[in-house]
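Okay, so here's the structure we're looking at.
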Amino acid sequence: MSSIIIIFKLIGALALLIYGMKVMSEALQKMAGSQLRHILGAMTTNRFTGMLTGMFITVSVQSSSATTVMTVSFVNAGLLTLAQAISVIMGANIGTTLTAWIMSAGFSLNITDFVWPAFFIGIILIYMRRHRYIGDFLFGVAFMFFSLGALSQTGKEMDLGHNAELTSFFASFDQNSFITIVLFLAIGTILTCIVQSSAALMAITMVLCTSGVLSIYHGIALVMGENIGTTLTANLAALTGNTQARRAAMAHLFFNVFGVLWVLACFYPFVNTVCSTVGINPMTAHINPVRLSFVLAAFHTAFNITNTAILIWFIPQIERFCNWAIKPKKNDEEDEFRLCYIGGDNIMKTPELSVLEAQKEIQSFANRIQRMFGFVRELLGMKKDEAAFAKLFSRIEKYESISDNMEIEIAKYLDNVSNGHLSDNTKAKIRTMLREISEIESIGDSCYNIARAISRKNSGKEDFTEKQYERLHQMLELTDDSLTQMNSLLSGRKDNFDVNRSFNIENEINNYRTQLKNQNINDVNNHEYTYAMGAIYMDIVSECEKLGDYVVNVVEARMGTRQKGA
């Protein structure tokens, strides 16, 4: 019965460790999510700046998976080149080594008693809504150190060093055998892929090593396997991405596999050098267990720093290898109507950062709608070629259908993102984006309604007069200007945008609509064209005015303002 309780303590402590790191990472992202996006989005082509950026972000959020998945999504969104992404991933691998040092400190020092004040202060800050993210962070840190203390204590209770069966089992593996080292490396890789947490495997490795059951050589082999297994996260995130995103994930895998290969080539000399820096001899029968956790952390750091120091000079070659290994999907570039930046149910593990992907998709949505409006303007100019008219009208119909689907898909994505733990600022952004996609879809409906009105005109025997065509083209030109302003806002920073320009164009459209409405009544009364032609003519004018309203709604949503008198 006592054995079962100890096993549950071990499993529970590991679960608490994973949860604590998750809470801590999410709290840090809530506090600095937008700043991290701006830092990564402003990356330069300098490989050293990229490496430092990746290291800084990973240390800030205490999650290399968050950094690598975010990097893959930025490549997918076209905000980072593959070469930039590779340097960021290298830095992320160095930044994640801090976690191993924190864990080794948790195993070496009895800090369990100090977590209780952190829990107390954390709950106070959580209920003080203004500082609740700091409270979440303290709770995450407290959970993490509490779980590390529980793991250390459980390891002592299990008394693994005096378990004859377990000791003899691990002793049956010759630590001087290269085949055994490769076997433990494979075990570490497989377990990390299954558990999806290199931190949990690192904790188990430290428990086994500090208990005296596992030799330091075998423990380091497990750590090497964990480095390969953790790359699965970025590769899973890239499955639904574009070609460049899959190549960035491949670069992450290449980095760790290459590092493991060169370490295997000089395994014993390299490990012995690391051990000597910590002040132990791995061949000694009795080693201070406290030192062993520091050896694992030191190896993890030395491995990633040395690997980065070697590979950072070969980023162009790694980029060429990834381009060769990952070929573009068929129609990857030509498929005009696929979602570019989001896909499927593969939501990033960091919802605070996934908002950027949705923003890029909305920008693409708006650009596509303006392209649709361009087709409508072209349709109005077609008078004789019925086949070309039918083909273009069919294309507009297809765009309208795509517009409906895009609204649904983006809304689903935002709904999935909103299920995560988000800051109030991010929740507000999601509400804004939901309003934006609804208004942009309405713009698509207006474009289609204008095209249908033009089609009705073409199916009859009558045609617009030259003056009607001239006025319609002028109205369409004003409407296109409003769409251009909207896309300029969606693709840039709102603090550089002159919102009054959009409002002025909308006022011009409204005034021109009123002028044309009055003119139409006079022209019909003067028999310049029939009432039927006047009705179709005014349908087009009215849809342009509605379209302008939808554009202003998008602008107001993005800017967080309302037009005076609206």
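The values are calculated or read from the model by the stated rules, or taken from the named source; none is laboratory data. Predicted, not measured: the structure shown is a model, and the values here were computed from it. Every residue, glycine as well, gets a Cβ built from its backbone with ideal geometry; the counts of neighbours run over all protein chains shown. Surface areas here come from the heavy atoms of the whole protein model, side chains and all, with no ligands, DNA or RNA. Shrake-Rupley method; radii C 1.70, N 1.55, O 1.52, S 1.80 Å.
Of the residues making up segment 453-473, not a single one is closer than 30 Å to Lys429 by Cβ, open to solvent by 10 Å² or more (accessible area, probe 1.4 Å) and touching a Ser or Thr at 6+ places or on another chain (Cβ under 7 Å). One residue stands out in segment 69-91 among those that are among the polar types (S, T, N, Q) and modelled with pLDDT under 75: the one that is farthest from the chain's Cα centre (by Cα), namely Asn76. Within segment 167-200, restricting attention to residues that are modelled with pLDDT under 80 and within 34 Å of the chain's Cα centre (by Cα), the residue that is most open to solvent (accessible area, probe 1.4 Å) is Ile194.
Here His527 passes the criteria (1) touching a residue at least 40 places away in the same chain (Cβ under 8 Å); (2) not in a helix (DSSP H, G or I) except the one numbered (1).
Could you identify the single residue in Asn553, Asn511, Asn504, Asn520 that is open to solvent by less than 30 Å² (accessible area, probe 1.4 Å), polar (S, T, N, Q) and part of a helix (DSSP H, G or I)?
Of the residues listed, the single one that is open to solvent by less than 30 Å² (accessible area, probe 1.4 Å), polar (S, T, N, Q) and part of a helix (DSSP H, G or I) is Asn520.
When segment 433-444 is filtered for residues that are of a type in the set (S, T, N, Q) and either at pLDDT below 90 or surrounded by fewer than 19 Cβ atoms within 10 Å (Cβ to Cβ) (or both), only Ser438 remains. Contact map, segment 465-481: residues that are touching a residue at least 12 places away in the same chain (Cβ under 8 Å) paired with residues that are in a helix (DSSP H, G or I) and open to solvent by 80 Å² or more (accessible area, probe 1.4 Å), Cβ distance under 7 Å, separation 6+ or inter-chain. Pairs shown: Leu478/Glu508. Ala366: among the hydrophobic types (A, V, I, L, M, F, W, C) and free of Cβ contacts under 8 Å to residues at least 60 places away in the same chain, yes or no? So Ala366 does not fit the description; no. Per the listing Gly135, Gly149, Gly161, the residue uniquely assigned to a helix (DSSP H, G or I), among the small types (Gly, Ala, Ser) and modelled with pLDDT under 75 is Gly161. If the condition is being touching a Lys or Arg at 6+ places or on another chain (Cβ under 8 Å) and not in a helix (DSSP H, G or I), then segment 428-472 contributes Asp463, Phe464. Scan segment 217-227 and tell me whether some residue there is on the phi < 0 side of the Ramachandran plot, of a type in the set (Asp, Glu) and more than 27 Å from the chain's Cα centre (by Cα). No, every residue in segment 217-227 fails to be on the phi < 0 side of the Ramachandran plot, of a type in the set (Asp, Glu) and more than 27 Å from the chain's Cα centre (by Cα).
Quick one: in segment 386-426, of everything that is among the small types (Gly, Ala, Ser) and within 27 Å of the chain's Cα centre (by Cα), which residue is farthest from Met24 (Cα to Cα)? Steps first, please.
Taking segment 386-426 and keeping what is among the small types (Gly, Ala, Ser), we get 387-388, 390, 394, 401, 403, 411, 418, 420, 423.
Add one more test, that the residue is within 27 Å of the chain's Cα centre (by Cα), and what stays is 403, 411, 418, 420, 423.
Details: Ser403: 39, Ala411: 28, Ser418: 19, Gly420: 14, Ser423: 14 Å.
Across segment 386-426, the extreme among qualifying residues is Ser403.
Looking only at segment 415-427, decide whether some residue is part of a helix (DSSP H, G or I), at pLDDT 90 or above and surrounded by 20 or more Cβ atoms within 10 Å (Cβ to Cβ).
First pass over segment 415-427, keeping only residues part of a helix (DSSP H, G or I): 415-418, 424-427.
Okay, now just the ones that are also at pLDDT 90 or above, so none.
No, the conditions are met nowhere in segment 415-427.
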